[in-house]
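What follows is a single structure, written as structure tokens, with notes after it.
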Amino acid sequence: MTASLIRSASPADAAGIAAVHVESWRATYPGMLPDRYLVGLSTAVHERRWRGLLQGPPQRGRRTFVAQAGGEVVGFASCGPQRTGLPGYGGEFYAVYLLDRVQGQGLGRRLLGAMAQGLLADGRGAAVVWVLRDNPSRFFYERLGGALLAEQPLSFAGARLTECAYGWADLLPLARLAADPPVSG
Ligand SMILES: CC(C)(COP(=O)(O)OP(=O)(O)OC[C@H]1O[C@@H](n2cnc3c(N)ncnc32)[C@H](O)[C@@H]1OP(=O)(O)O)[C@@H](O)C(=O)NCCC(=O)NCCS
């Protein structure tokens, strides 16, 4: 296995994150999101979006991390203030995506741990994640201690979906999962 590390993302990672974003969405969401939406995903569009998000001062407390292996970005994760109004949870995990070929090696656990560390450093001691009910990755969140909090309908790219929220009332145990030294930035 190639040595891997988790670190805070910089604007120079925009292209790598965009490539993972598009490849991972196309691998994860067939049968959940419309094919035409997945086919139409553009790495150039996502690269511009990620560069914008990563440039300049942290935007509204957002933190983004990358998983790197063999000098290449193979995964990313993003978190910040909760956006959906679930009471008692100040933080939210916005995204965690890995290339297929690096899944099942503990990188998801380390990325979640890095985000928990980041949210705690920002004074947010509890967090939620929203995930499509049909996405088997929701069992990853359950495995890492997330408790099912809520379900709601979601319209996305013309599809009518159901998403569910998992919550961690205390991020400290999750923060200890990050096997790397505390992540800076
Ligand atoms: C979900 C994801 C980030 C998990 O990362 P990963 O590196 O594969 O997971 P890890 O190796 O860190 O696994 C940690 C634990 O969760 C378990 N786990 C991981 N994925 C699981 C799944 N789909 N179902 C059940 N358990 C799962 C592992 O078995 C492991 O358990 P252990 O403690 O008994 O060893 C990754 O599989 C992924 O990118 N999936 C596709 C994208 C996606 O759906 N992202 C979430 C969008 S909301």
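Every read-out reported here was derived from the displayed coordinates using simple, explicitly stated rules and does not represent laboratory data. Keep in mind the model is a prediction, meaning the values are calculated, not measured. Here the Cβ positions follow ideal geometry from the backbone for every residue, glycine too, while neighbour counts run over all protein chains shown.
May I ask you to compute the full-extension gain from Asp170 to Arg101, defined as 0.36 nm times their residue separation minus their alpha-carbon distance, rounded to one decimal in nm?
Taking 0.36 nm per residue and subtracting the Cα distance, the gain is 21.7 nm.
Would you please put 151-157, 124-130, 161-167 in order of how densely packed they are, using the mean number of other Cβ atoms within 10 angstrom per residue and starting with the highest?
The packing order, highest mean first, is 124-130, 161-167, 151-157.
Suppose each label sits 7 Å from its Cα in the direction of the beta carbon; what would the Arg36-Ala121 distance come out to in nanometres?
Taking the two extended label points, one gets 4.4 nm.
Cβ under 12 Å from Cys79's Cβ, Cys79 left aside: what net charge do those residues give with Lys, Arg +1 and Asp, Glu -1?
Summing Lys and Arg as +1 and Asp and Glu as -1 gives +3.
Report the FRET efficiency, 1/(1 + (r/R0)^6), for Arg7 and Ala44, where r is their Cβ-Cβ distance and R0 is 35 Å, rounded to 0.05.
0.90
Based on Cβ point charges of +1 for Lys and Arg and -1 for Asp and Glu, what charge dipole magnitude is obtained for region 56-185 about its Cα centre, in debye rounded to the nearest 20?
For region 56-185, the charge dipole is close to 100 debye.
Compute the convex hull volume of the Cα atoms of the chain, divide it by the residue count, and report the result per residue in Å³ as a whole number.
It comes to 114 Å³ per residue, whole-number rounded.
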